[in-house]
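Have a look at the structure that comes next, please.
The values are calculated or read from the model by the stated rules, or taken from the named source; none is laboratory data. The shown structure was predicted, so the numbers you read here are calculated from the model rather than taken from an experiment. Reconstructed Cβ throughout: ideal geometry from the backbone, glycine too, with neighbour counts over all protein chains shown.
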Amino acid sequence: MDSHTVQEPASHPVHFGVNYTPSHGWFFAWLDPDWDSIRHDLDQIASLGVDHIRIFPLWTLLQPNRTMINHKGLKDVRTMVQLAASRGLDAYVDVLQGHLSSFDFVPSWLVSWHERSMFSDQECVNAEAQLISAVYEELADEPNFRGLTVGNECNQFTDAAHPRRQKGTPTQIRDWLNALISPIHDDARKTGRILVHGENDAVWYEDHHAFTPWEACNIGDESVVHSWVFNGVAQKFGPLSFESTHHAQYLCELARAFAKNPQRHVWLQEAGAPRNVMEAAQTPEFCHKTITNALACPAVSAVTWWCSHDVSAELADFPPLEHTLGLFDASGQLKPIGREFAHLTQTYGSTGSSVKDQSAVSEVRGTDSSSDSSVAVEVPSHDGNPLLRSAEAVGGSVFDKWMSLARGGASPQIVSSEFAHDSDYLAQRGIATVVSVPVRAGQKYSATSDPTALPHQED
């Protein structure tokens, strides 16, 4: 299901946006939207020069009962999309939030006395598909509504570590995603909208995780990446290390590795500068290096930073880093990282003056330099997925080889062993040399927002 194809850099602008966190009330603002405050937030976001926002209406409010959809809630989503449009911003909407900033938002009809699996219980899957269709239909005539994400990191509910785990197999997950996307797919294609699903990096790094790279690379209109360096890379190497500042680029290349369509787009849907592994003074440089490195991946269609506004300190029980991730602080002041992000947006984004001839993007992507993107690391794979996902994780054989090649001046790609001998596929991706690696596991996967996580002291 691929309605978009990657163009050559000269005609393939990159869209820049932010994940919108309301400055007053965080996502609880959906309970009773303060539209004046939201208008002000969107004015601030538009001032950065971005072209889109990603918004998160709470699932628990939109569908409080399995057979009840809150139509007032749908109207509120529509209002926010319209307010974004009046400021020149496109809007992408997540539907089944499930998890946001350490909090779960799962409807009561899925938990406790009504314990059911959102992934495999057919009545529940049908209800979820109905909600996704209802949100889509509510927004279908809004010209700036550009697409839906099934939900935010729903994959974390399948983890053994989750306190209320909802089990699912890769086959069930595949069926679940198709059931949610298929009913609206034809209309979305006709109108040029995209339908995607976005998971955390357990998809790429955690052995036996129910969501697999195959689904990430082949279901939905684009592959989606969430890059967070508190997954061990910043702790091991340091927040401004080569490895940390290339982590997003590495994940974007992984998101191409298992795609049957060699020209599939990748959306860097979340990247942020988490203060549990770096100091405030390091965040602008981290932002700059992360984004410019990620743009070296020619498949990247959009960069959406997490997030717009800091979470107010008045709200309780958040991991401390959640109060510091915004481009604007809690008082509405643009932070140094916000100024840097605005500069990057104006330099490389689709609305930036320097992108009229795409010379800035071409330069960072190495298309007018000696940077070699024709080499690719081969991932030993079978039946569409890597033999050992932990080989892709921090310190694994795939991770180490990619970083080594990148350190040597290349802009390496990654390819599944199942495509590594397909000359037509390799040619379409511009791969001339495939480098084999042994299957060696890296460190055990752990993405944590634990406030005790400390930065590498050498940076």
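List the helices (runs of 4 or more DSSP H) inside the range 223-310, counting only whole elements, that have at least 3 residues being within 30 Å of Ser423 (Cβ to Cβ).
247-257
Here is a further query. Identify, by number, the condition in (1) surrounded by fewer than 20 Cβ atoms within 10 Å (Cβ to Cβ); (2) in contact with a Gly (Cβ under 8 Å, 6 or more places away or on another chain) that Ala296 doesn't meet.
Unmet for Ala296, out of (1) surrounded by fewer than 20 Cβ atoms within 10 Å (Cβ to Cβ); (2) in contact with a Gly (Cβ under 8 Å, 6 or more places away or on another chain): (1).
To continue, here is another question. For Trp267, state whether it is among the aromatic types (Phe, Trp, Tyr) and more than 17 Å from Ala393 (Cβ to Cβ).
Numbers: among the aromatic types (Phe, Trp, Tyr): yes; more than 17 Å from Ala393 (Cβ to Cβ): yes.
Criteria met by Trp267.
Results for (1) crowded, with 24+ Cβ neighbours inside 10 Å; (2) under 18 Å from the mean Cα position of the chain (by Cα); (3) among the hydroxyl-bearing types (Ser, Thr, Tyr); (4) at pLDDT below 95, shown as yes or no for each residue.
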site	(1), (2), (3), (4)
Leu177	no, yes, no, no
Thr191	no, no, yes, no
Glu215	yes, yes, no, no
Ser223	yes, yes, yes, no
Ser244	yes, yes, yes, no
Tyr250	yes, yes, yes, no
Lys260	no, no, no, no
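If a residue must be polar (S, T, N, Q) and either crowded, with 20+ Cβ neighbours inside 10 Å or modelled with pLDDT under 95 (or both), how many such residues does the range 21-43 contain?
Filtering the range 21-43 for residues polar (S, T, N, Q) gives 21, 23, 37.
Checking which are either crowded, with 20+ Cβ neighbours inside 10 Å or modelled with pLDDT under 95 (or both) leaves us with 21, 23.
So the answer is 2.
Considering each of Val93, Val106 in turn, give the residue that is within 21 Å of the chain's Cα centre (by Cα) and crowded, with 20+ Cβ neighbours inside 10 Å. Full working, then the answer.
Working: Val106 fails: crowded, with 20+ Cβ neighbours inside 10 Å.
After applying the criteria, what remains is Val93.
Would you mind telling me which numbered condition in (1) within 20 Å of the chain's Cα centre (by Cα); (2) surrounded by fewer than 21 Cβ atoms within 10 Å (Cβ to Cβ); (3) more than 21 Å from Leu100 (Cα to Cα) Arg339 fails?
Exception for Arg339: condition (1).
Looking at Gly238, Gly198, can you tell me which residue is surrounded by 23 or more Cβ atoms within 10 Å (Cβ to Cβ) and in contact with an Asp or Glu (Cβ under 8 Å, 6 or more places away or on another chain)?
On the way: Gly238 fails: surrounded by 23 or more Cβ atoms within 10 Å (Cβ to Cβ).
Sole residue among the options that is surrounded by 23 or more Cβ atoms within 10 Å (Cβ to Cβ) and in contact with an Asp or Glu (Cβ under 8 Å, 6 or more places away or on another chain): Gly198.
Determine whether Val233 is under 15 Å from the mean Cα position of the chain (by Cα) and of a type outside the set (S, T, N, Q).
no
Picking from Ala432, Ala420, which residue would you name as being loosely packed, with under 15 Cβ neighbours inside 10 Å, of a type outside the set (S, T, N, Q), over 24 Å from Gly232 (Cβ atoms) and at pLDDT 95 or above?
Result of the check over Ala432, Ala420: Ala432.
Looking at the range 138-148, is at least one residue more than 20 Å from Asp90 (Cβ to Cβ) and either touching a helix residue (DSSP H, G or I) at 6+ places or on another chain (Cβ under 8 Å) or in the same structural domain as Ile219 (by TED's automatic domain parsing) (or both)?
In the first step, residues of the range 138-148 are kept if they are more than 20 Å from Asp90 (Cβ to Cβ); the result is none.
Among the residues of the range 138-148, not one is more than 20 Å from Asp90 (Cβ to Cβ) and either touching a helix residue (DSSP H, G or I) at 6+ places or on another chain (Cβ under 8 Å) or in the same structural domain as Ile219 (by TED's automatic domain parsing) (or both), which makes the answer no.
Another question, if that's okay. Identify, by number, the condition in (1) closer than 29 Å to Asp104 by Cα; (2) surrounded by fewer than 18 Cβ atoms within 10 Å (Cβ to Cβ); (3) modelled with pLDDT of 95 or more that Phe328 doesn't meet.
Failing condition for Phe328: (2).
Oh, and also: It is to be established whether one or more residues within the range 4-14 are more than 20 Å from Arg87 (Cα to Cα), modelled with pLDDT under 95 and among the acidic types (Asp, Glu).
yes
Follow-up question, since we're still on this one. If we only count helices (runs of 4 or more DSSP H) wholly inside the range 89-207, which ones have 2 or more residues that are within 25 Å of Ala271 (Cα to Cα)?
The qualifying helices (runs of 4 or more DSSP H) are 170-191, 202-205.
If I ask for residues that are without any contact (Cβ under 8 Å) to a residue 40 or more places away in the chain and of a type in the set (Ser, Thr, Tyr), which ones from the range 411-432 would you list?
Within the range 411-432, Ser417, Ser423 meet the criteria.
Would you check which residues across the range 159-175 are closer than 13 Å to Asp104 by Cβ and either crowded, with 19+ Cβ neighbours inside 10 Å or touching a residue at least 24 places away in the same chain (Cβ under 8 Å) (or both) and list them?
Asp159, Arg164, Gln166
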